[in-house]
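Worksheet: the structure to be examined is printed underneath.
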Amino acid sequence: MKLKINARTSEYIAKGFIWGAAMSVMIVLVAIIVYILVKGLPVINFSFLTTNPYNMGRSGGIASTIVGTIYITVVAIIIAVPFGIGTAFYLAEYTQENIITRIIRFSAESLAGIPSIIYGLFGYIFFVMYMGMGWSILAGGLTLAFMILPTIIRTSEEAIRAVPHIYREVSFSLGGTKWQTIIKTVFPSAIQGIVNGIILSIGRCIAETAAVIFTAGSVLSMPGSLFDSTRTMAVHFYILASEGISMDNAYGTAALLIIIIFLINVIVNALVNRFISKSK
Amino acid sequence: MSENNIKIEIKNFSFYYGQKQVIHDLNLKIHKNEIMSFFGPANGGVTTLLRSLNRLFELNHNTRSEGDILIDGESIFDPDASVTELRRKVGMVFEIPTPLPLSIFDNVAYGPRLNKKKSKDEINEVVEQAIKQAALWDDVSDRLRAPAMSLSGGQQQRLCIARVLALKPEVIILDRACSGLDPISTAKIEESLTKLKKQFTIVIAPHNVQQAMRISDRAAFMLMGYLVEAGADIFTHPQDQRTDDYITGRFG
């Protein structure tokens with residue numbers, strides 16, 4: 001027997017399902033964020049942000065972990081962004097499809113799917129042990145740079161390819177060289193997509209635990225240089241919660257993590273929009 | 001026409017996309033200060049020919065040309081010739097209006113800025129002059145910093161002409177540049193072209209036969225990659241039956 005549904009009924013069902021899916025996702029997301037903020041916000045105050053943790057993190061604030069997080073993320077981004085964008089431009093503008101581009105793209109895609117703890121293991125063996133960096137911000141930053149490189153390459157390449165081909169033709173037809181065309185036309189048009197990839201990567205760096213524990217360690221004191229071990233906020237949260245040291249401070253750290261990632265999104269997008277509206 | 005009046009000379013020119021030949025052994029001379037139109041049905045090779053004049057086809061992979069194109073007696077394919085210089089000399093306006101996502105001013109200043117260092121005043125002057133030449137000044141003089149995308153289609157296309165004029169070219173190519181425009185905008189552009197030919201050599205692919213008749217000094221009819229015939233009286237006295245059929249609308 002064939003079940004017959006008329007067009008209007010199927011329209012209702014489809015609409016209901018799509019609406020329901022969107023709503024459930026939103027409710028779950030909002031619930032998580034609200035829960036963390038309700039638990040965490042009361043913990044956050046000026047001294048929580050400015051004093052170092054002591055007594056394993058049971059007391060004091062989280063100042064050193066904020067600094068450690070920033071250091072590691074900045075190192076990773078500074079290293080990965082130029083290489084990632086460079087590779088993306090190479091793939092999108094400087095070569096035709098051939099065996100080399102396919103190898104690069106396949107590697108990038110495979111690397112993007114590897115669990116971060118594998119990067120941690122690699123970083124531990126290569127940077128920490130072999131290169132003799134020890135547990136350090138540098139080793140952690142380098143490891144995270146490798147981890148986010150595929151994301152940056154892929155999002156940047158997509159953004160570059162999305163720039164209409166006619167823009168390039170116009171630039172060339174006006175006597176532009178390849179480099180001038182890329183700098184003056186392609187890059188400004190692709191920047192929004194490229195920056196989205198970078199924001200995504202910053203988020204991943206800030207949130208990473210496994211790879212960081214392996215490579216940067218989990219020392220609680222304020223890092224003085226790139227060669228010091230440090231503990232990032234995400235790692236701090238993980239240790240506080242998993243070892244039951246202080247759930248209050250764990251929630252405070254988590255709430256701050258959410259706020260920071262939110263702020264980075266808002267600020268960077270505002271900067272990009274200003275840049276775009278200037279160039280338009 | 002005397003020999004020294006020749007701006008562009010196309011000699012035994014053939015063009016291939018991969019194995020497919022799209023222009024067959026084409027010979028033609030284009031004079032200084034004339035409007036030369038190339039017309040014919042789609043796939044006739046017109047666009048390819050126009051894109052050969054500034055070597056823009058080189059952006060496509062897997063293309064190959066034979067024969068030669070001379071501008072002022074010098075081969076544009078000469079290995080020593082600079083392709084960026086050629087493209088400044090031979091400016092191109094595309095089929096659809098193609099403002100870059102920049103301001104009106106920056107669009108027109110794009111070409112001059114690529115060139116050697118110019119002072120701000122020089123750029124301002126070149127831009128203003130180019131926009132005036134393209135008959136766009138009255139429309140945009142009070143909003144040069146506005147996005148070029150905010151202009152109407154006809155204005156955008158005149159902006160593209162201004163952008164080419166700012167290069168101070170010698171030849172201007174227009175590839176079906178009026179095909180998406182309303183009759184009034186088209187008339188404005190045709191009017192400016194007739195003025196501009198005093199200073200430039202203009203090569204145009206008109207979007208229909210009527211436009212070719214209105215504005216060309218000479219015209220060339222192309223069919224399936226072959227030049228069927230070319231001349232000043234091609235519309236009144238076509239030599240070839242196929243030209244006659246196309247002009248009178250029996251096919252195409």
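The values are calculated or read from the model by the stated rules, or taken from the named source; none is laboratory data. Remember, predicted model here, so these are calculated numbers, not experimental data. Because the Cβ atoms are built from the backbone with ideal geometry, glycine has one as well, and the counts that use them run over all protein chains shown. Only protein heavy atoms, including side chains, enter the accessible area calculation; ligands, DNA and RNA are left aside. Shrake-Rupley method; radii C 1.70, N 1.55, O 1.52, S 1.80 Å.
Summary table
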{"quantity": "Residue satisfying all of: in the range B:79-101; open to solvent by 20 Å² or more (accessible area, probe 1.4 Å) and in contact (Cβ under 8 Å) with a residue 40 or more places away in the chain; nearest to the other protein chains (Cβ to nearest Cβ) among these", "calculated": "B:R88"}
{"quantity": "Residues being touching a Cys at 6+ places or on another chain (Cβ under 9 Å) and of a type in the set (A, V, I, L, M, F, W, C) - total across the range A:53-73", "calculated": "1"}
{"quantity": "Test: residue in the range B:67-78 that is among the aliphatic types (A, V, I, L, M), without any contact (Cβ under 8 Å) to a residue 60 or more places away in the chain, open to solvent by less than 20 Å² (accessible area, probe 1.4 Å) and in contact with a Lys or Arg (Cβ under 9 Å, 6 or more places away or on another chain)", "calculated": "yes"}
{"quantity": "Which numbered condition A:R58 misses (of (1) more than 24 Å from the chain's Cα centre (by Cα); (2) free of Cβ contacts under 8 Å to residues at least 24 places away in the same chain; (3) open to solvent by 50 Å² or more (accessible area, probe 1.4 Å))", "calculated": "(2)"}
{"quantity": "Among residues of the range B:143-169, those that are within 13 Å of chain A (Cβ to nearest Cβ), more than 14 Å from B:L102 (Cα to Cα) and not basic (K, R), counted", "calculated": "8"}
{"quantity": "Residues of the range A:196-221 classified as under 26 Å from A:N55 (Cα atoms) and either open to solvent by less than 30 Å² (accessible area, probe 1.4 Å) or more than 14 Å from the chain's Cα centre (by Cα) (or both), total", "calculated": "14"}
{"quantity": "So A:G123, is it under 18 Å from B:T98 (Cα atoms) and buried (at least 19 other Cβ atoms within 10 Å of the Cβ)", "calculated": "no"}
{"quantity": "Index of the failed condition, A:E169 passing every other in (1) within 14 Å of chain B (Cβ to nearest Cβ); (2) in a helix (DSSP H, G or I); (3) open to solvent by 70 Å² or more (accessible area, probe 1.4 Å)", "calculated": "(3)"}
{"quantity": "Verdict on B:N43 being part of a loop (DSSP other than H, G, I, E, B), away from chain A (no Cβ under 14 Å) and touching a Lys or Arg at 6+ places or on another chain (Cβ under 8 Å)", "calculated": "no"}
{"quantity": "Pair list, Cβ under 8 Å, 6 or more apart: the range B:141-168 residue at positive phi, other residue of a type in the set (S, T, N, Q) and modelled with pLDDT under 90", "calculated": "none"}
{"quantity": "Pairs, first surrounded by 15 or more Cβ atoms within 10 Å (Cβ to Cβ) in the range A:250-277, second of a type in the set (K, R), C-beta under 6 Å, six or more apart", "calculated": "A:Y251/A:K39"}
{"quantity": "Residue that is farthest from A:I166 (Cα to Cα) [pool: residues in the range B:170-183 that are open to solvent by less than 10 Å² (accessible area, probe 1.4 Å) and not β-branched (V, I, T)]", "calculated": "B:C178"}
{"quantity": "Inter-residue pairs, beta-carbon under 8 Å, first more than 7 Å from chain B (Cβ to nearest Cβ) and in the range A:173-189, second β-branched (V, I, T) and outside any helix (DSSP H, G or I), 6+ apart", "calculated": "A:V186/A:V163"}
{"quantity": "From the options A:G224, A:G244, residue that is without any contact (Cβ under 8 Å) to a residue 40 or more places away in the chain, in a loop (DSSP other than H, G, I, E, B), open to solvent by 60 Å² or more (accessible area, probe 1.4 Å) and not basic (K, R)", "calculated": "A:G224"}
{"quantity": "For B:I104: the one exception among (1) surrounded by fewer than 22 Cβ atoms within 10 Å (Cβ to Cβ); (2) in contact (Cβ under 8 Å) with a residue 12 or more places away in the chain; (3) more than 20 Å from B:L53 (Cβ to Cβ); (4) within 13 Å of another protein chain (Cβ to nearest Cβ)", "calculated": "(1)"}
{"quantity": "Subset of the range B:52-66 [free of Cβ contacts under 8 Å to residues at least 24 places away in the same chain and more than 28 Å from B:A130 (Cβ to Cβ)]", "calculated": "B:H61"}
{"quantity": "Tabulated pairs, the range B:174-189, first closer than 19 Å to B:R51 by Cβ, second part of a helix (DSSP H, G or I) and among the hydroxyl-bearing types (S, T, Y), C-beta under 8 angstrom, 6+ apart or interchain", "calculated": "B:D175/B:T47; B:R176/B:T47; B:C178/B:S185; B:C178/B:T186"}
{"quantity": "Qualifying positions in the range A:1-54 - more than 23 Å from A:I260 (Cα to Cα) and β-branched (V, I, T)", "calculated": "A:I5, A:T9, A:I13, A:I18"}
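To keep it simple, each residue is scored yes or no on (1) over 21 Å from A:L174 (Cβ atoms); (2) of a type in the set (A, V, I, L, M, F, W, C).
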| residue | (1), (2) |
| --- | --- |
| B:R176 | no, no |
| B:L196 | no, yes |
| B:F200 | no, yes |
| B:H207 | yes, no |
| B:R218 | yes, no |
